[in-house]
1. Would the range 37-45 turn up any residue that is of a type in the set (Gly, Ala, Ser), within 30 Å of ILE186 (Cα to Cα) and modelled with pLDDT under 95?
2. Would the range 130-138 turn up any residue that is out of contact with any Asp or Glu (no Cβ under 9 Å at 6 or more places or on another chain), closer than 20 Å to ARG153 by Cα and either assigned to a helix (DSSP H, G or I) or touching a residue at least 40 places away in the same chain (Cβ under 8 Å) (or both)?
3. State all residues of the range 94-129 that are surrounded by fewer than 13 Cβ atoms within 10 Å (Cβ to Cβ), polar (S, T, N, Q) and in contact (Cβ under 8 Å) with a residue 24 or more places away in the chain; if no residue qualifies, say none.
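The values are calculated or read from the model by the stated rules, or taken from the named source; none is laboratory data. Bear in mind the structure is a predicted one, so any value in this text is a computation, not a measurement. Here the Cβ positions follow ideal geometry from the backbone for every residue, glycine too, while neighbour counts run over all protein chains shown.
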Amino acid sequence: MTRSSLGVAAAAALGVCCALIIVAANFANSRAAAATAREVDASWDAIQKAEEILSLLRDAEIGQRGYLLVGRREYLLPYSNAVDRVFPAIEQLQVRVQNDPIQRTRARTLQTLVGQKMSELRVTIDMMDAGNRDGALATVDTDLGKNRMDEIRKTVAEIQRHARAELAERATKAARASHRVLLTSIAAVVLVAVALLVLVVRLSPSAARSRELPSS
């Protein structure tokens, strides 16, 4: 094989290698982007699910208070709705945060607090059903329910604050990954262009003629 043929082969090999680099970089970026997208979705879901849990508990309290004040069972509809939905919502939250030990601990704490809150509401409703309205209202006046709701709000806020920080961190990570892939692609494109230029020069008619001329 002549020297010129070796040069053409080397240039072609360089072009192929650069093309493979671009493909590999884009593949890696796609996988990283997909993983980051899943993490972002989980963080957003955690924020929204925590807010849903807090909203359901507010509704449960409204239903309880309405029933204690008016005495009509239709006022318990928000409470009944919360009973059906709040614990499945907590389970969904736990799934969203299962890969984060700190968030898992907070979700378990929230589950305990919510269970205590719903039990407290159930006790006062049962007292009302038994005709002990004064006892039910006296239980509400102890501020036990208010203090528990304050703990729940605090835990929900911690979950949401942590999830928002994760969102910011993941956005930064995704931007850096995209920047690295962009630089890699640009470098590979430049190398491909150089390889193609070498091929064009090597295969041009003038280059071919110069190789055919006898040496003096």
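1. Yes: one or more hits.
2. Looking for residues that are out of contact with any Asp or Glu (no Cβ under 9 Å at 6 or more places or on another chain), closer than 20 Å to ARG153 by Cα and either assigned to a helix (DSSP H, G or I) or touching a residue at least 40 places away in the same chain (Cβ under 8 Å) (or both), one finds none in the range 130-138, hence no.
3. If the condition is that a residue be surrounded by fewer than 13 Cβ atoms within 10 Å (Cβ to Cβ), polar (S, T, N, Q) and in contact (Cβ under 8 Å) with a residue 24 or more places away in the chain, then ASN99 is the only one that fits.
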